[in-house]
1. With n ≥ 4 as the cut-off for DSSP H runs, can you work out [θ] at 222 nm for chain A, using -39500 (n - 2.57) per run divided by the number of residues, rounded to the nearest 500?
2. Can you tell me which lysines have their Cα less than 21 Å from the Cα of A:LYS69? Leave out same-chain residues fewer than eight positions away.
3. Which net charge results when you count Lys and Arg as +1 and Asp and Glu as -1 among the other residues whose beta-carbon is under 11 Å from that of A:THR5?
4. I want to verify a result. In a Gaussian network model of chain A, Cα cutoff 10 Å, which of these has the top mean-square fluctuation: A:TYR71, A:TYR235, A:TYR259?
5. Quick one: dipole size for the protein assembly as shown, taken about the Cα centre, charges +1 on Lys/Arg Cβ and -1 on Asp/Glu Cβ, in debye to the nearest 20.
6. What percent do you get for the relative contact order of chain A when only Cα pairs under 8 Å and 6+ apart count?
7. Given the Cα-Cα distance of A:THR107 and A:ARG128 and 0.36 nm per residue of separation, how much length would full extension add, in nm?
8. Which residue, chosen from A:SER12, A:SER86, A:GLY36, occupies the Cα position most advanced towards the positive end of the dipole of the protein assembly as shown, where the dipole is computed from +1 (Lys, Arg) and -1 (Asp, Glu) charges on Cβ about the Cα centre?
Amino acid sequence: MNAVTVNNISKSFGAIKAVNNLTFQVEQGDLFGFIGPDGGGKTTLIRMMNTLIIPDEGSATVNGLDTIKDYKKIRLQIGYMPGRFSLYQDLTVEENLNFFATVFGTTIKQNYDLIRDIYVQIEPFKDRRAGKLSGGMKQKLALCCALIHKPEVLFLDEPTTGVDAVSRKEFWEMLKRLKQKGITILVSTPYLDEASLCDKVALMQSGNILEINTPENIVKKFEKPLLAMKSKNMYKLITALRSYKFTNSAYPFGEYLHYTDTRETYSVEGIKNYLMQMGVTDAEIIPALPNIEDTFMQLMEKGND
Amino acid sequence: MKKFLGFIIKEFISIFRDKRTMVVLFGMPIAQLIIFGFAIRNELNDATIAFFDQSNDYMTEQIKQKLVSSNYFKLGANLQSNGMIEEAFKGGKIKEVIIFEPNFAQKLLKDGGAKIQIITDASDPNMAQTLLSYTSAIIKDYQTSLNKQSDLAPIIQSEVKMIYNPEIRSTYMFVPGLIALILLLVCALMTSIAITKEKEIGTMEVLLVSPLKPIEIIIGKVIPYLLLSFFNVITILILARVVFNVPFVGSYILFFFIALIFIMTALSLGILISSVAQTQQAAMMMSLAGLLLPTIILSGFIFPISNMPLLLQWFSNIIPAKWFLIIAKGIMLKGVGFDHIWKETLILCGMFLFFILISIKKFKVRL
């Protein structure tokens with residue numbers, strides 16, 4: 001059975017179409033990612049699935065329950081962690097957790113197994129006010145609070161935004177472990193590099209889903225051979241390539257720059273010569289395998305055209 | 001029920017940890033009471049009075065001496081006719097006129113009773129009230145000394161008349177008025193802020209997705225403030241009694257019952273505001289401009305309603321505090337029972353039902 005189904009769902013705010021006629025399913029036990037830039041419609045989509053917003057058109061179900069008709073039943077079965085930090089700042093870590101446990105009719109003890117891995121990390125600070133926690137610890141606490149009633153489906157709206165790289169990595173490892181416990185997880189993120197950590201991703205832009213697939217299959221959609229380039233003067237390299245008449249795309253990725261060419265066939269030497277002319281003498285050019293970020297950039301370019 | 005209790009406990013912790021909330025909740029009632037209390041207090045010192053003595057015998061002379069030598073009063077004029085009384089007051093200096101009936105001493109000794117009429121200028125109601133009590137005390141004192149001298153028990157009947165503002169509208173009114181103000185502030189302002197705060201920091205989103213029912217969220221938010229405002233009412237009453245000697249003649253139980261109804265009305269207004277306002281700031285502006293200001297100005301707390309233009313008099317009817325003030329004044333100062341105030345109570349109940357129904361209708365179970 002599908003944990004979540006979405007059928008032709010749309011939502012507008014005034015003239016802005018936040019979510020545009022989307023249809024997809026999320027299988028039970030999946031770690032499903034919505035990836036895309038800010039304003040892509042991720043939050044609106046999540047809020048429609050977790051019964052907080054009524055769609056203008058279309059319908060959605062969670063565990064087979066309709067999000068409009070059966071919203072009360074759904075609310076008992078889901079966990080939700082909104083995008084901004086939404087715990088009580090003036091309550092301590094433990095009090096927050098206790099509060100959410102009571103509100104959901106359970107106790108910390110009862111479901112401690114589920115949150116233990118996460119909670120032990122913040123337990124040394126359990127008497128600290130939530131408002132005084134660091135970003136990463138806040139996210140961990142929020143996750144604990146969203147999990148404390150053992151939800152079957154977990155909605156996480158940009159849980160790693162504003163969190164440092166190490167905490168982000170830890171956070172995803174926690175999600176992996178939760179997934180092993182059979183919880184279906186729907187997570188949104190603006191970080192493209194997190195896409196490869198999901199079972200399935202939906203690439204979103206301007207309320208549309210550009211692509212929905214496993215990360216591996218998405219990478220396979222990359223159509224052109226990819227070159228990685230490096231120079232001591234990266235800025236010069238980029239400006240040179242951006243003015244090159246055969247350049248299809250040129251994006252910096254970490255220490256390298258990823259380049260695709262508009263021509264079917266071409267030689268690396270030709271590009272090197274052009275760069276020499278432009279004053280980039282030390283360019284290192286090697287063939288590279290596309291990753292999901294390259295694919296997304298490509299899809300976005302297409303979407304913009 | 002356990003969920004609900006957990007919610008209330010959380011709310012209490014939040015209130016007690018927020019210093020600003022605590023100051024507003026507990027500091028302000030006391031500060032306001034003291035400020036209002038001292039601002040309207042009048043020490044009597046050399047108030048100018050006039051006599052209209054139609055008897056001019058040794059007794060009236062003694063009473064006059066006693067009054068003038070008391071340090072509280074200063075003789076302004078000896079009037080010769082009834083017509084001069086009005087003149088004397090209009091001059092503005094004279095605050096009180098004391099009239100002795102003809103053949104005062106004779107009547108008192110022979111018939112066992114004589115009359116003194118005390119007329120005060122109640123356009124300054126606090127002053128009038130004070131003058132009156134001082135004068136009566138001195139006359140009573142004289143009467144007691146007479147009683148000691150003879151076996152007869154002559155009675156001096158003081159007949160009191162307030163002119164210009166016969167009901168002395170603002171005397172002691174600051175206490176009921178203050179209670180209304182504080183209750184409105186705590187109940188309407190604080191609850192509306194507390195609810196919109198959850199919207200602002202995003203916790204409302206989580207609460208909505210939780211199994212808590214909307215009614216539980218609302219009532220859970222409201223109950224702590226209900227209890228705290230009750231505590232405030234008691235503090236104000238005690239302070240008023242101890243520090244300012246404000247009388248309380250009526251039934252405390254009846255008073256608390258009415259206060260409860262007024263608190264619920266104020267709470268329902270707070271909930272209504274929070275269902276419309278999206279931010280704490282908006283909620284605060286709405287409460288201040290929409291509730292507190294009309295309450296201070298139009299409820300009769302500071303300005304007598306009867307002195308207002310007709311349009312504002314009509315408008316004052318929709319202000320809950322007006323009705324509460326009528327009731328509170330009746331119970332506290334006149335000691336009236338429920339049979340005298342059931343109409344006003346009914347109006348308050350109606351207002352409560354009206355506001356709460358709208359707020360429940362307006363409360364969104366979604367974003």
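Read the figures in this text as sums done on the coordinates, not as results from a lab. Model, not experiment: these values are computed from the prediction. So basically every Cβ, Gly included, is an ideal-geometry build from the backbone, and we count neighbours across all protein chains shown.
1. Details: 10 runs with 104 residues, N = 305.
Computed mean residue ellipticity for chain A: -10000 deg cm²/dmol.
2. A:LYS11, B:LYS213, B:LYS361, B:LYS362, B:LYS364
3. Values: positive: none; negative: A:GLU27, A:ASP66.
Result for the neighbourhood of A:THR5: -2.
4. Ranking A:TYR71, A:TYR235, A:TYR259 by mean-square fluctuation puts A:TYR235 first.
5. 580
6. Answer for chain A is 20 percent.
7. 5.6 nm
8. Toward the positive end, the furthest listed residue is A:SER86.
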